[in-house]
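The values are calculated or read from the model by the stated rules, or taken from the named source; none is laboratory data. Only a predicted model underlies this, so the values are computations on that prediction, with no experimental measurement involved. No Cβ is skipped: glycine too gets one built from the backbone with ideal geometry, and neighbour counts run over all protein chains shown.
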Amino acid sequence: MHIADGVLSAPVIVASYGVAIAGMVVAAKGIKDEEIPKISLMAGTFFAVSLISIPVPPTSVHPLLCGLIGIILGKKAPLAFFPALLLQALLFRHGGITSLGANTIMHSIPAYLSYVLYNKLPIKQPAGRGGIIGAISVAMTVVILIFLLALTDARFAAGDFSVVKIAIVAHVPLMVVEGIVTAFAVQFIDKYKKDWLEERALV
């Protein structure tokens with residue numbers, strides 16, 4: 001999902017940019033040369049799949065892959081999301097520049113939490129853990145969207161057909177799809193690129 005320009009209030013825009021920049025500073029700290037191709041691959045993957053969009057104003061429904069990207073990149077996830085979101089805003093007007101900070105944290109926080117949960121779940125099978133994380137990551141992204149909209153204007157959550165309620169309903173099928181996709185992707189990576197799933201420092 002992407003929040004468009006003109007939706008968020010000025011204080012939310014400033015605060016979200018601050019959080020996003022802080023997250024990228026932390027993510028870039030101690031980055032290794034061998035991590036750059038992996039981050040670039042995840043950025044390209046997100047850029048491509050999240051352009052498959054079904055508008056649900058003032059946001060949109062599209063594949064997120066926050067769970068998968070988080071499992072692979074951990075705290076480095078903002079370094080993949082930010083450039084992908086920036087290019088989408090500049091090239092396709094998908095999202096926006098004023099909402100770039102908000103969109104970055106809306107994807108990065110669930111990605112990081114997905115990484116933490118993936119390494120803490122008491123399930124041995126990587127595919128099982130991946131499936132659960134894929135579904136949960138969508139729910140976490142929706143929660144952050146609701147929080148950002150609520151901070152901007154309480155009317156986003158008012159009424160039977162509010163933006164918040166529409167977003168929740170629209171993303172339920174996506175939770176199922178992302179769970180299945182992430183499960184298969186993690187199973188494949190565990191078989192052929194197991195080091196990508198190794199637990200790293202959380203901070």
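Of all the criteria given as (1) exposed (fewer than 14 other Cβ atoms within 10 Å of the Cβ); (2) of a type in the set (S, T, N, Q); (3) within 14 Å of the chain's Cα centre (by Cα), the one not satisfied by Ser9 is (3).
Report yes if Phe82 is closer than 17 Å to Ala102 by Cα and in contact with a Phe, Trp or Tyr (Cβ under 8 Å, 6 or more places away or on another chain), otherwise no. So Phe82 fails the test.
Picking from residues in region 127-147 that are modelled with pLDDT under 95 and of a type outside the set (Val, Ile, Thr), the one that is surrounded by the most Cβ atoms within 10 Å (Cβ to Cβ) is Leu145. Assess whether Ser40 counts as being modelled with pLDDT of 95 or more, of a type in the set (Gly, Ala, Ser), loosely packed, with under 15 Cβ neighbours inside 10 Å and within 30 Å of Glu199 (Cβ to Cβ). Spelling it out, Ser40 is indeed modelled with pLDDT of 95 or more, of a type in the set (Gly, Ala, Ser), loosely packed, with under 15 Cβ neighbours inside 10 Å and within 30 Å of Glu199 (Cβ to Cβ). The number of residues in region 110-166 that are in contact with a Lys or Arg (Cβ under 7 Å, 6 or more places away or on another chain), in a helix (DSSP H, G or I) and more than 28 Å from Ile13 (Cα to Cα) comes to 1. Look at (1) surrounded by fewer than 18 Cβ atoms within 10 Å (Cβ to Cβ); (2) closer than 14 Å to Leu65 by Cβ and you find that Val172 fails only one, number (2). Ile123 fulfils the conditions (1) crowded, with 20+ Cβ neighbours inside 10 Å; (2) out of contact with any Ser or Thr (no Cβ under 8 Å at 6 or more places or on another chain); (3) not hydroxyl-bearing (Ser, Thr, Tyr) except for a single criterion, (1).
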